[in-house]
Amino acid sequence: MRLIAGILLAVTLTAAPVKQHAANPHYYEWKGKPLILLTSGEHYGAVLNGDFDYRKYLATLAKDGLNLTRIFTGVYREVPGDFGITRNTLAPTEQAYVSPYAKAAGGKYDLSKWNPAYWSRLHSFLDEANRHGIVVEVTIFCVYYQDRMWELSPWHPKNNVNATPAAPRAEVLTPKHDAYVKWQEAFVRKIAAELARHDNVIFEVCNEPYVTTVPADWQTHMAGVVKQALPNHLVGRNVANFTAKVPEAEANLSFLNFHYARPPVAVAENYSLGKIIGLDETGFDGTLDAIYRIQAWDFLLAGGAHYNNLDYSFVAGHEDGTFLVPGTAPGGGSVELRKQLSILRRFIDQLPITAMRPVSDLFVGSLPDGWSARAFGNAGRAAVYMQSAQVQPNRRPRITYQASKRSLSLRLNLPAGRWTVNWWDTRTGKVQTQTFVHEGGHAVIGTPEFTEDLAAILERQ
């Protein structure tokens with residue numbers, strides 16, 4: 001009996017879903033361990049696009065040491081060419097589109113019947129992700145940016161046999177039409193019921209609700225529907241592009257996502273809420289790897305716990321991320337970038353992140369023009385990051401950085417003691433070590449030569 005009880009206990013512990021860390025709610029916890037979520041993932045169509053080989057895709061993320069992917073649920077999709085994206089995974093052909101709903105006679109959708117092929121594919125995707133240690137962010141809804149996107153939805157009156165009402169696209173995700181609220185609630189409950197057994201799932205209510213001003217009460221209601229069905233799963237909200245200060249902590253929400261949050265002002269503005277803060281979409285800053293690598297390091301060492309680079313090198317036929325992103329794309333992505341992000345993952349794994357906090361008084365004085373630095377740590381250990389990227393709002397490219405090799409002299413406010421510094425090359429992962437004895441006050445430390453950015457872990461022995 002004791003053996004059986006032990007097995008049941010182990011199964012129960014293994015099945016506990018991703019949650020906020022008990023000791024530090026700014027971080028995730030899964031399978032008893034703290035974690036950040038870090039990835040460079042495809043454009044959210046892996047499940048709804050039947051032409052996309054998600055097994056190869058997830059294996060690629062795992063090989064690169066990445067542990068997050070984000071998916072849309074199929075009630076929103078795009079058409080080829082939208083947003084200038086080449087071979088957009090979120091714009092499948094009509095034949096490849098896998099809808100959550102079954103079709104009735106005549107080819108229209110019946111919103112009262114589900115498509116078994118979709119739910120089977122979703123379960124298989126989540127099981128495969130779990131096998132690779134990958135957390136899946138399920139974004140339930142997305143605003144309809146253009147009429148053509150709304151006209152593709154199964155909810156649009158011309159696409160179903162259920163007599164959904166005619167409505168402008170901006171009114172669909174609102175409380176204004178009871179019929180849509182009813183179908184949306186049913187969809188959320190179905191999602192929750194199907195995904196209850198998966199422990200590697202977190203839910204985001206709606207993608208970019210601020211584009212069509214999706215009301216806060218509608219979002220709160222839908223979050224509540226998820227939490228009523230799955231009280232132990234995490235639910236989050238996409239707050240804003242760039243940054244916005246959230247006035248109060250909403251009880252049902254565990255994480256707050258921002259898009260294009262560089263520099264990471266959103267972390268500092270919302271850190272006191274005790275929520276996980278994520279940079280959940282990048283782009284519109286060119287295609288160079290350095291831009292998105294720098295954003296990842298800067299955001300996570302500011303105290304964020306979730307970074308999702310939007311990677312356009314994943315397309316159907318190149319699910320290993322080897323598609324060469326054209327210069328016209330709205331963002332980047334590459335094999336090399338994912339290797340560089342895996343270095344960041346290894347760096348973070350060296351740190352007791354739940355015992356560390358953003359540090360504002362480590363650096364004394366200022367760095368040379370064009371350079372910035374941040375620190376993250378506690379009394380005996382600090383992670384330091386320096387970078388030269390600057391946002392140029394009215395120029396293209398919007399992000400510029402200094403690519404010439406140089407070294408910096410840092411003045412740091414450190415406690416007395418014997419210190420070890422491990423300097424990390426963010427592009428190669430090479431580590432250089434130095435030690436010094438400090439008698440207290442301001443320590444002056446010279447960095448190795450580097451380009452673009454540099455990281456270090458300082459530890460008092």
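The values are calculated or read from the model by the stated rules, or taken from the named source; none is laboratory data. Not measured: the values here are computed from a predicted model. Note that each Cβ is placed from the backbone with ideal geometry, even for glycine, and that neighbours are counted across all protein chains shown.
Taking the range 64-87 on its own, how many of its residues are of a type in the set (D, E, K, R) and assigned to a loop (DSSP other than H, G, I, E, B)?
So the answer is 4.
Tell me whether the range 312-322 contains one or more residues that are crowded, with 21+ Cβ neighbours inside 10 Å and in contact with a strand residue (DSSP E or B) (Cβ under 6 Å, 6 or more places away or on another chain).
Checked against the condition, which is being crowded, with 21+ Cβ neighbours inside 10 Å and in contact with a strand residue (DSSP E or B) (Cβ under 6 Å, 6 or more places away or on another chain), the range 312-322 yields no hits at all.
Of the conditions (1) surrounded by 22 or more Cβ atoms within 10 Å (Cβ to Cβ); (2) out of contact with any strand residue (DSSP E or B) (no Cβ under 7 Å at 6 or more places or on another chain); (3) aliphatic (A, V, I, L, M), MET222 clears all except one; give me its number.
(2)
Which ones in the range 189-229 are assigned to a loop (DSSP other than H, G, I, E, B), hydrophobic (A, V, I, L, M, F, W, C) and free of Cβ contacts under 8 Å to residues at least 60 places away in the same chain?
Scanning the range 189-229 gives a single hit, ALA196.
Given (1) in a loop (DSSP other than H, G, I, E, B); (2) in contact with a strand residue (DSSP E or B) (Cβ under 6 Å, 6 or more places away or on another chain), where does GLY106 come up short, assuming only one miss?
It fails just one condition, (2).
Which ones in the range 258-286 are farther than 10 Å from PHE242 by Cα and of a type in the set (Lys, Arg)?
Correct list: LYS275 only.
If you go through the range 130-149 one residue at a time, do you hit one that is surrounded by 18 or more Cβ atoms within 10 Å (Cβ to Cβ), in the same structural domain as LEU234 (by TED's automatic domain parsing) and part of a helix (DSSP H, G or I)?
Yes, because at least one residue in the range 130-149 is surrounded by 18 or more Cβ atoms within 10 Å (Cβ to Cβ), in the same structural domain as LEU234 (by TED's automatic domain parsing) and part of a helix (DSSP H, G or I).
Restricting the search to the range 263-280, which residues are more than 19 Å from ALA251 (Cα to Cα) and not in a helix (DSSP H, G or I)?
PRO263, PRO264, LEU279, ASP280
Got at least one residue in the range 57-73 being surrounded by 18 or more Cβ atoms within 10 Å (Cβ to Cβ), in contact with a strand residue (DSSP E or B) (Cβ under 9 Å, 6 or more places away or on another chain), over 30 Å from TRP297 (Cα atoms) and in the same structural domain as ILE134 (by TED's automatic domain parsing)?
no
Collect the residues in the range 230-262 that are of a type in the set (Gly, Ala, Ser), more than 19 Å from LEU37 (Cα to Cα) and part of a loop (DSSP other than H, G, I, E, B), keeping them in residue-number order.
ALA244, ALA249, ALA251
State all residues of the range 49-77 that are touching a helix residue (DSSP H, G or I) at 6+ places or on another chain (Cβ under 6 Å) and closer than 24 Å to PRO326 by Cα; if no residue qualifies, say none.
Once the filter is applied, which keeps residues that are touching a helix residue (DSSP H, G or I) at 6+ places or on another chain (Cβ under 6 Å) and closer than 24 Å to PRO326 by Cα, the range 49-77 yields TYR54, LEU58, ASP64.
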